[in-house]
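Read-outs throughout are calculated quantities, based only on the coordinates presented, and are distinct from any laboratory measurement. All values derive from a computational prediction rather than experimental measurement. Heads up, the Cβs are rebuilt from the backbone with ideal geometry, glycines too, and the neighbour counts pull from every protein chain shown.
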Amino acid sequence: MKRVGLILPHIAEVFSSAYYSRILAGVSEGLLNSACDLRVLLLKPNRSWDQYDFKSKEKIHGLILTQWSNYFNEEAFVQKIDLPCVVINDFDRRVVAPFVYADQVGGGRKAAEYFYHRGHRRVAAVAGPAWSQDSHQRMKGFLEFFQENGVIISTDNIVAGDYHEEMAYEIVSALFQKNIKPTALFCCNDLMAYGVIRRLKDLGIRCPDDVSVVGFDDHPLAITHHPPLTTIRVPMAELAREAATLLLDYFKRSDFVQPLAGEIVKPVELVERGSVKFLTDEIRHR
């Protein structure tokens, strides 16, 4: 019998987080009818695990990883740990491993296109942390769409968050202190969007009447939030099931060629709710 290790970050909210619970559910479902055991490995972020012996110490035969750059310092970490690995999201071509990830660039473009066709030209964004390839790719798609349509977004219009609600609450006011006065804000995940909307309310700025907001992920509370949050839906459980399937297929192979490589990209979709206002020409040019 083989044992699959699922790496999740050892943080306070890991088991209450909708993001990580969807990953856990998807991997668990993918392995349910197999002969494999599942072991959840909680690793401290920002510590180097490159030399850790998962094979001998944890008796692991294959790994499924999230947020790989939080634990491994080098792109060649798969060769160092000497185990078949499948990585969920944070796609990076420098890493020789199979990736299963959502179309983050396409999601950023969908958010930008939605704003653009509703008249928004003064836009700003709350990006994710520097380590997150997903955040970089979401911002890449968002900025590229506007640039292709003649709208250049200054770096002053972008602040960096950490994917958490409270930090987004604290930092978003900087965009208004700079006198940028955006009509629309793109947030690289829904938790930050919640913090942004709460801060706007405390500043006397209404969403969507004064400032529109689009999030990313489609967090379970997005539909009940006030206002209901327009967001980009990421099929996290589907990604995780696909990752588990890839690893199971590898175990069935007779040649056991290492390392695995390749990529599977899943589409995302924009879910329209109530946090974006359609601007008239008069409002747009104020």
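From the phi of every residue in the range 231-248, what ³J(HN,Hα) in whole Hz does the Karplus formula 6.51 cos²θ - 1.76 cosθ + 1.60 yield, where θ is phi - 60° and glycine or proline is x?
7, 9, 7, 10, x, 4, 4, 5, 4, 5, 4, 5, 4, 5, 4, 4, 5, 4
Taking neighbour counts of Cβ atoms within 10 Å as a proxy for exposure, in what order, fewest first, do Leu38, Leu229, Leu203, Leu175 appear?
Going from least to most buried by this count: Leu203, Leu38, Leu175, Leu229.
Under 5 Å between amide H atoms, partner at least 5 residues away or on a different chain: which partners does Asp218 have, H built in plane at 1.01 Å?
Asp190, Ile232, Val234
Measure out, as a whole number of angstrom, how far apart the alpha-carbon centroids of the range 37-114 and the range 220-252 sit.
Between the Cα centre of the range 37-114 and that of the range 220-252, the gap is 16 Å.
What dipole magnitude, in Debye to the nearest 20, does the range 86-155 give about its Cα centre under +1 on Lys/Arg Cβ and -1 on Asp/Glu Cβ?
Rounded to the nearest 20 debye, it is 220 debye.
Taking the Cα atoms only, what angle lies between the long axis of helix 104-116 and the longest principal axis of the chain, rounded to 10 degrees?
10
Which far-off residues, 5 or more places away or on another chain, put their amide H under 5 Å from the one on Ile264, with H placed in the peptide plane?
It is Phe99, Val100, Tyr101, by chain and number.
With θ taken as phi - 60° and the coefficients 6.51, -1.76 and 1.60, list the Karplus ³J(HN,Hα) couplings across the range 147-154 in order, rounded to whole Hz; mark glycine and proline as x.
4, 5, 10, x, 10, 9, 9, 5
Roughly what % of DSSP beta bridges within the chain run antiparallel, to the nearest 5?
Details: 3 of 38 bridges.
For the chain, the DSSP antiparallel bridge percentage is about 10.
Given the range 1-93, what whole percent of its Cα pairs are spread farther than 16 Å?
I get 53 percent for the Cα pairs in the range 1-93 exceeding 16 Å.
Which residues' amide hydrogens lie under 5 Å from the amide hydrogen of Val40, considering only partners 5 or more residues apart or on another chain, with H built in the peptide plane?
Leu6
Please express the Cα-Cα pair-distance distribution P(r) of the chain as a list of whole percents, one per 5 Å bin, running from 0 to the bin with the greatest distance.
The distribution over the chain is 1, 6, 12, 16, 17, 14, 11, 9, 6, 4, 2, 1, 0, 0, given as percents.
Which net charge results when you count Lys and Arg as +1 and Asp and Glu as -1 among the other residues whose beta-carbon is under 14 Å from that of Leu270? Present the calculation step by step, with values, prior to reporting the outcome.
Working: positive: Arg109, Lys110, Arg118, Arg138, Arg233, Arg273; negative: Asp103, Glu113, Asp190, Asp217, Asp218, Glu269, Glu272.
Here the charged neighbours net out to -1.
Order these by the 10 Å Cβ neighbour count, fewest first: Cys85, Cys36, Cys188.
Fewest-to-most Cβ neighbours within 10 Å comes out as Cys36, Cys85, Cys188.
How about the range 215-251: which chymotrypsin sites (Phe, Trp or Tyr not before Pro) there lie in a loop by DSSP and see at most 15 other Cβ atoms within 10 Å?
Listed in order of number, the matching sites amount to none.
Work through the residues other than Ala102 whose Cβ is under 15 Å from its Cβ and net out their charges, Lys, Arg +1 and Asp, Glu -1.
It works out to a net charge of -3.
Translational diffusion coefficient of the range 201-245 at 10 °C, 1.306 mPa s, Stokes-Einstein with Kirkwood Rh over Cα pairs, in µm²/s as a whole number.
Value of D from the Cα-based Kirkwood radius: 129 µm²/s.
What ranking of Ile81, Ile232 emerges when the number of other C-beta atoms within 10 Å of each C-beta is taken as an exposure proxy, fewest first?
The order, fewest Cβ neighbours first, is Ile81, Ile232.
Okay, helix-only estimate at 222 nm for the chain: each DSSP H run of n ≥ 4 adds -39500 (n - 2.57), divide by all residues, round to 500 deg cm²/dmol; what do you get?
-10000 deg cm²/dmol
Compute the helix-to-body angle for 18-31: its Cα long axis versus the longest principal axis of the chain, expressed 0 to 90° and rounded to tens.
30
How far is helix 190-202 tilted off the main Cα axis of the chain, in degrees rounded to 10, range 0 to 90?
30
Quick one: Karplus J couplings for the range 126-141, per residue in order, coefficients 6.51, -1.76, 1.60, θ = phi - 60°, nearest Hz, x for Gly and Pro?
Values, residue by residue: 10, 7, x, x, 4, 6, 7, 5, 4, 4, 4, 6, 4, 5, 4, x Hz.
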